[in-house]
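*Asks:* Okay, handing you the structure first.
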Amino acid sequence: MSVKKAIIPAAGLGTRFLPATKSMPKEMLPIIDTPVIQYVVEEAINSGIEDIIIITGRGKRAIEDYFDDSPELEMYLANKKNTEMLKLVRDVSSLVDIHYIRQKEPNGLGDAILRAEKHIGNEPFAVLLGDDIIMNGKPCTAQLIDKFEKYGRSTIAVEEVPYDKLSSYGIIKGKPVADSLYVLEDIVEKPAPEKAPSNIGAIGRYVFTPEIFDCIKEAGLGVGNEIQLTDGIRLLSKTQKVYAYEFKGKRFDTGDKLGYIKATIDFALENKELKDDVLEYLVKVLSSEDIPFRKMLFEGMNQKDSLTKIESETFEVKN
């Protein structure tokens, strides 16, 4: 069966970005001039998804407003004959069919996904977390769909995780079956690093068979007294094969402050209008007398060499 539906959970409170997220959903934080969630929606569309369900919560109305028509703004831009900006605004509201379901209170990722069960029905579907941006010539979700269509089983995206971050992920134990592909043997939600079954963690992209819904319900409450998707995946793997795929691409965890800063810098360096000025500013900061340890990085380099070094170490995406 083809995968045409996707769930984007976006009901989290965004506590790591308080106080900004007191009034703004974390998924609406901009990377330059585009909110994070638009990159996620565009990845779904570019992967062949035709129907998107966004799981929202209290205080997330800005997401719905963003993807809705904006008659007043469009009229203003039309009167000003700002055709380029008018097209941008209209394009956002015509991307794809988007439906919204509210999660009444934060109760875990598994619970958020259960909110969309009636809409999904008995079809396979993708899940894209609303604060992960993954850049690659072929979208990460499309890579997972390829594996799903080949093997007919749920497939989750994974990557190597630093030791000190293992307790923030669902960590897998897997048996290699092909290049970058594993059959899942176990998955543990947020283990202590010394107890983790590997250093390979599940990240915010999944393709599931509909049986995952029953498994999430059966698993019940897990870590943090919440309904964890990881526990549902573990149960699913007991009844049918589940695959884990080390995707190709570069991931930005924009729900993390450092990840958000990295994304902003990398996307600025890909922006033709900003690239040169940003590079010049980075060189100026890194060579500042006020920051001796940074200056040491570039001792013996002229400005041109410094620019080349910075540029070569940013936005390295595996295709």
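The values are calculated or read from the model by the stated rules, or taken from the named source; none is laboratory data. If you're wondering where the values come from, they're calculated on a predicted model, not measured in any experiment. A quick note on method: Cβ atoms are made from the backbone with ideal geometry, for glycine too, and the neighbour counts reach across all protein chains shown. The protein model used for the area step is the full one, side chains on, heavy atoms only, and it has no ligands, DNA or RNA in it. Shrake-Rupley method; radii C 1.70, N 1.55, O 1.52, S 1.80 Å.
*Asks:* Would it be correct to say that ILE233 is closer than 28 Å to GLY14 by Cα, open to solvent by less than 40 Å² (accessible area, probe 1.4 Å), among the β-branched types (Val, Ile, Thr) and assigned to a strand (DSSP E or B)? Step through it out loud before you land on a result.
*Replies:* Working: closer than 28 Å to GLY14 by Cα: yes; open to solvent by less than 40 Å² (accessible area, probe 1.4 Å): yes; among the β-branched types (Val, Ile, Thr): yes; assigned to a strand (DSSP E or B): no.
No; evaluated as a whole, the condition is false for this residue.
*Asks:* Return the only residue of GLU72, GLU50 being modelled with pLDDT under 85 and either open to solvent by 50 Å² or more (accessible area, probe 1.4 Å) or over 28 Å from GLY121 (Cβ atoms) (or both). Can you show your working first?
*Replies:* Values: GLU50 fails: modelled with pLDDT under 85.
Going through GLU72, GLU50 in turn, just one is modelled with pLDDT under 85 and either open to solvent by 50 Å² or more (accessible area, probe 1.4 Å) or over 28 Å from GLY121 (Cβ atoms) (or both): GLU72.
*Asks:* For residues that are of a type in the set (Lys, Arg) and not in a helix (DSSP H, G or I), scanning just the range 80-117, find the one that is modelled with the highest pLDDT.
*Replies:* Taking the range 80-117 as the starting set, the residues that turn out to be of a type in the set (Lys, Arg) are 80-81, 87, 90, 102, 104, 115.
In the following step, the residues that additionally are not in a helix (DSSP H, G or I) were identified as 80-81, 102, 104, 115.
Details: LYS80: 63, LYS81: 68, ARG102: 87, LYS104: 81, ARG115: 92.
Taking the candidates together, the pick is ARG115.
*Asks:* Let me ask another. Out of the residues in the range 28-47 meeting the condition of being among the polar types (S, T, N, Q) and open to solvent by less than 30 Å² (accessible area, probe 1.4 Å), tell me which one is nearest to the chain's Cα centre (by Cα). Give the derivation first.
*Replies:* Step one: of the range 28-47, the residues among the polar types (S, T, N, Q) are 34, 38, 46-47.
With the extra rule that they be open to solvent by less than 30 Å² (accessible area, probe 1.4 Å), the set shrinks to 34, 38, 47.
Numbers: THR34: 14, GLN38: 11, SER47: 14 Å.
For the range 28-47, the residue satisfying everything is GLN38.
*Asks:* Could you list all residues from the range 1-27 that are among the aliphatic types (A, V, I, L, M), more than 16 Å from ILE145 (Cα to Cα) and open to solvent by 30 Å² or more (accessible area, probe 1.4 Å)?
*Replies:* Across the range 1-27, the qualifying residues are LEU13, LEU18, ALA20, MET24.
Let's see how each residue does on (1) crowded, with 19+ Cβ neighbours inside 10 Å; (2) under 19 Å from LYS147 (Cβ atoms); (3) of a type in the set (Val, Ile, Thr):
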{"position": "LYS248", "(1), (2), (3)": "no, yes, no"}
{"position": "ARG251", "(1), (2), (3)": "yes, yes, no"}
{"position": "THR254", "(1), (2), (3)": "yes, no, yes"}
{"position": "LYS257", "(1), (2), (3)": "no, no, no"}
{"position": "THR264", "(1), (2), (3)": "no, no, yes"}
{"position": "PHE267", "(1), (2), (3)": "yes, no, no"}
{"position": "LYS272", "(1), (2), (3)": "no, no, no"}
{"position": "LYS275", "(1), (2), (3)": "no, no, no"}
{"position": "GLU280", "(1), (2), (3)": "no, no, no"}
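Rundown of residues vs (1) part of a strand (DSSP E or B); (2) open to solvent by less than 10 Å² (accessible area, probe 1.4 Å); (3) closer than 21 Å to PRO106 by Cα; (4) modelled with pLDDT of 90 or more, yes/no style:
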site	(1), (2), (3), (4)
LYS147	no, no, no, yes
GLU159	yes, no, no, yes
LYS175	yes, no, no, yes
ASP214	no, no, yes, yes
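*Asks:* Separate question: Can you tell me which residue within the range 192-210, out of those that are surrounded by fewer than 17 Cβ atoms within 10 Å (Cβ to Cβ) and touching a helix residue (DSSP H, G or I) at 6+ places or on another chain (Cβ under 8 Å), is nearest to LYS147 (Cα to Cα)?
*Replies:* As a first pass, look at the range 192-210 and keep what is surrounded by fewer than 17 Cβ atoms within 10 Å (Cβ to Cβ): 192-195, 197, 199, 210.
If we keep only those that are touching a helix residue (DSSP H, G or I) at 6+ places or on another chain (Cβ under 8 Å) as well, we get 192-193, 199, 210.
Working: ALA192: 30, PRO193: 29, ASN199: 22, PRO210: 16 Å.
Checking each candidate, the answer is PRO210.
*Asks:* Could you tell me which numbered condition ALA20 fails, if it satisfies all but one of (1) modelled with pLDDT under 90; (2) touching a Leu at 6+ places or on another chain (Cβ under 6 Å)?
*Replies:* Evaluating ALA20 over (1) modelled with pLDDT under 90; (2) touching a Leu at 6+ places or on another chain (Cβ under 6 Å) leaves (2) as the failure.
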